[in-house]
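Enquirer: Questions regarding the structure given below will be posed in turn.
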Amino acid sequence: MLSPVLTLSTVFSRFNLLREPSFPRFVRTLRTHLRQHQRQKLIWSPLISPVNSPAVGLSNYSFHSLDAETRISGTGDDLVVLGIETSCDDTAAAVVRGNGEILSQVVSSQADLLARYGGVAPKMAEEAHSQVIDQVVEQALGKANLTEMDLSAVAVTIGPGLSLCLRVGVRKARKIAGKFNLSMVGVHHMEAHALVARLIERDLQFPFLALLISGGHNLLVLALDLGQYIQLGTTIDDAIGEAYDKTARWLGLDMRRGGGPALEELAQEGDAESIKFSIPMKQHKDCNFSYAGLKTQVRLAIESKKVKAEIPISSASCEDRSSRADIAASFQRVAVLHLEERCDRAIEWALKIQPSIKYLVVSGGVASNKYVRTRLNQIVKKKGLQLVCPPPSLCTDNGVMVAWTGIEHFRLGRFDPPPPANEPDDSVFDLRPRWPLGEEYAEGRSEARSLRRARIHPSLTSIIQASLQQQS
Ligand code: KG4
Ligand code: ZN
């Protein structure tokens, strides 16, 4: 059972009734912003599916009744939001102002752990996050020359991702928010990847199309409005980042800077036409993705070329290095051709649904790849649109995108009240390890998509296996 206080605060927050003296700072901030902004109706379509679990706080945050709706449309320049991100293998925090000014950005990467153990082991990742989270947040505030007292709100990623990892960030965010009486915004990691593009490109208005490419996700979404997304395509198995990482590992590359960047670099030396990998899902005229088959093709090519991947690339013979580079370049060419083909079709679909679309946003870790950016730019230009690709430091996981998404939602009044101070560490938080972004586009459903097996982030498999073992 939820405690009455928590239940009430959630209801208050949803109906924007937080006028209690127990939330003075929160109310002050809210009033300031309400005064600034014009009143108009908000048509809200849920980004978040209802959660009935008795989790603490970060509810389906704060949507107001249509009758007494307040849509905050001003810039809210004086907002200052701390963003915290721990959904996967980077511990990140940033402080961003309502006008988009990035006051600080700190990322602590677990690339070393990844290189050593070959993937994200949830328990180890959780520990790594726990070790650095205080320092990362402290540095973010320090670099911004601010203290918690200067913040308007705290935004934190609540999903999708690894629950053990998400929990570290959420616990930290709630500690700060509880102690300093700050409101909170629970952020969708993939929405944050998309929305950070609006921080760097101020002309980027809804609706727009977004291709989100990371280690665990491949998504094509039509962003109609804040919190309103239509999913045109997703991956039926692996995401492109996972394919980059596995290929890099199999080719014996130095994973300490991440598999993707290492592979991109080696590919520049290779002949991209030397191995004719087949483009995935050519026969499916939809916008979904599949990278599992390409991974298998790569593995077979590595075997047939007798690449000595156990020898690190730095010690490989010239001939062996050249074979590896050819595989890397051929893989990259086809992996990106698959993106190109899907984007081409998604633009057509999106323009049919929303003819006013002008932009394709490409974001997520893989979007920091220069070859990806160049090739997609050509597609976008051919279709008469404009590409918006955040700088690499904002494509890979970061706290800025979380803070900015927090700002976007906060401005619309979508936030939760401050959590109780001194909340016990073992409280049950609202975490959303699997959390779809938007509604599936019914007409885009393909046979391949309905055949897809449950999409599970590779690193979640070990959690599931562990819990099955515990149960048996
Ligand atoms: O968005 P992100 O930082 O984390 C997730 O949400 O997964 O994406 C990480 C993924 C990894 O698979 C990484 O190898 C890939 O992005 N990546 C790249 C590049 N930089 C990062 N892939 C290809 N080329 C790059 N330059
Ligand atoms: Zn990400």
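The values are calculated or read from the model by the stated rules, or taken from the named source; none is laboratory data. Predicted model only: the values in this text are computed from it and were never measured. Counting neighbours? That spans all protein chains shown, and the Cβs are built from the backbone with ideal geometry, glycine included.
Enquirer: In the stretch 249-258, which residues are in contact (Cβ under 8 Å) with a residue 60 or more places away in the chain and not charged (D, E, K, R)?
Expert: The initial filter retains those residues of the stretch 249-258 that are in contact (Cβ under 8 Å) with a residue 60 or more places away in the chain, namely 249, 251-258.
Answer for the stretch 249-258, where residues must be in contact (Cβ under 8 Å) with a residue 60 or more places away in the chain and not charged (D, E, K, R): LEU251, GLY252, LEU253, MET255, GLY258.
Enquirer: So, LEU146, is that one away from ligand 1 (no atom under 13 Å from the Cβ), touching a helix residue (DSSP H, G or I) at 6+ places or on another chain (Cβ under 8 Å) and closer than 18 Å to LEU103 by Cβ or not?
Expert: Values: away from ligand 1 (no atom under 13 Å from the Cβ): yes; touching a helix residue (DSSP H, G or I) at 6+ places or on another chain (Cβ under 8 Å): no; closer than 18 Å to LEU103 by Cβ: yes.
Considered against the rule, which asks whether it is away from ligand 1 (no atom under 13 Å from the Cβ), touching a helix residue (DSSP H, G or I) at 6+ places or on another chain (Cβ under 8 Å) and closer than 18 Å to LEU103 by Cβ, LEU146 comes out as no.
Enquirer: If LEU211 meets every condition in (1) within 16 Å of ligand 2 (Cβ to nearest atom); (2) buried (at least 23 other Cβ atoms within 10 Å of the Cβ); (3) part of a helix (DSSP H, G or I) apart from one, which number is that one?
Expert: The single condition LEU211 does not satisfy is (3).
Enquirer: List the pairs whose first member sits in the stretch 209-231 and is at pLDDT 95 or above, whose second member is charged (D, E, K, R), and whose Cβ atoms are under 6 Å apart, counting only residues at least 6 apart or on separate chains?
Expert: Between residues of the stretch 209-231 that are at pLDDT 95 or above and residues that are charged (D, E, K, R), the close pairs are GLY215/GLU242; LEU226/GLU408; ILE230/GLU439; GLN231/GLU440.
Enquirer: Could you grab me the full set of residues in the stretch 169-191 that are of a type outside the set (D, E, K, R), more than 16 Å from ligand 1 (Cβ to nearest atom) and touching a helix residue (DSSP H, G or I) at 6+ places or on another chain (Cβ under 7 Å)?
Expert: Once the filter is applied, which keeps residues that are of a type outside the set (D, E, K, R), more than 16 Å from ligand 1 (Cβ to nearest atom) and touching a helix residue (DSSP H, G or I) at 6+ places or on another chain (Cβ under 7 Å), the stretch 169-191 yields ILE176, PHE180, ASN181, LEU182, SER183, MET184, VAL185.
Enquirer: Can we say ARG97 is modelled with pLDDT under 95 and basic (Lys, Arg)?
Expert: In short, no.
Enquirer: Out of (1) within 19 Å of SER214 (Cα to Cα); (2) out of contact with any Cys (no Cβ under 6 Å at 6 or more places or on another chain); (3) not in a loop (DSSP other than H, G, I, E, B), the odd one out for CYS287 is which?
Expert: Of the numbered conditions (1) within 19 Å of SER214 (Cα to Cα); (2) out of contact with any Cys (no Cβ under 6 Å at 6 or more places or on another chain); (3) not in a loop (DSSP other than H, G, I, E, B), the odd one out for CYS287 is (3).
Enquirer: Same structure again: Does the stretch 219-230 contain any residue that is in contact with a strand residue (DSSP E or B) (Cβ under 8 Å, 6 or more places away or on another chain), aromatic (Phe, Trp, Tyr) and surrounded by fewer than 21 Cβ atoms within 10 Å (Cβ to Cβ)?
Expert: Keep residues of the stretch 219-230 that are in contact with a strand residue (DSSP E or B) (Cβ under 8 Å, 6 or more places away or on another chain), which gives 219-224, 229-230.
Applying the additional criterion that residues be aromatic (Phe, Trp, Tyr) yields 229.
Now restrict to residues that are surrounded by fewer than 21 Cβ atoms within 10 Å (Cβ to Cβ): none.
Within the stretch 219-230, not a single residue is in contact with a strand residue (DSSP E or B) (Cβ under 8 Å, 6 or more places away or on another chain), aromatic (Phe, Trp, Tyr) and surrounded by fewer than 21 Cβ atoms within 10 Å (Cβ to Cβ).
Enquirer: Which of the residues that make up the stretch 214-238 are under 10 Å from the mean Cα position of the chain (by Cα) and either more than 14 Å from ligand 1 (Cβ to nearest atom) or part of a helix (DSSP H, G or I) (or both)?
Expert: None - no residue of the stretch 214-238 is under 10 Å from the mean Cα position of the chain (by Cα) and either more than 14 Å from ligand 1 (Cβ to nearest atom) or part of a helix (DSSP H, G or I) (or both), so the list stays empty.
Enquirer: Do the conditions hold for GLU265, that is, is it more than 17 Å from the chain's Cα centre (by Cα) and either outside any helix (DSSP H, G or I) or more than 21 Å from LEU114 (Cβ to Cβ) (or both)?
Expert: Judged against the criteria, GLU265 is not a match.
Enquirer: Among the residues that make up the stretch 342-361, is at least one of them within 15 Å of ligand 1 (Cβ to nearest atom) and of a type outside the set (D, E, K, R)?
Expert: Restricting attention to the stretch 342-361, the residues satisfying the condition of being within 15 Å of ligand 1 (Cβ to nearest atom) are 361.
Within this subset, residues satisfying the condition of being of a type outside the set (D, E, K, R) are 361.
Looking through the stretch 342-361, at least one residue is within 15 Å of ligand 1 (Cβ to nearest atom) and of a type outside the set (D, E, K, R).
Enquirer: Being more than 23 Å from LEU437 (Cα to Cα) and either buried (at least 22 other Cβ atoms within 10 Å of the Cβ) or within 16 Å of ligand 1 (Cβ to nearest atom) (or both) narrows it down to one residue among LEU263, LEU195; which is it?
Expert: LEU263
Enquirer: When residues of the stretch 169-190 are filtered for being within 14 Å of ligand 2 (Cβ to nearest atom) and either part of a loop (DSSP other than H, G, I, E, B) or out of contact with any His (no Cβ under 9 Å at 6 or more places or on another chain) (or both), how many remain?
Expert: Residues that pass the stated criteria total 1.
Enquirer: May I ask you to say which residue of LEU195, LEU199, LEU204, LEU166 is hydrophobic (A, V, I, L, M, F, W, C), part of a loop (DSSP other than H, G, I, E, B) and in contact (Cβ under 8 Å) with a residue 24 or more places away in the chain?
Expert: Answer to the selection: LEU204.
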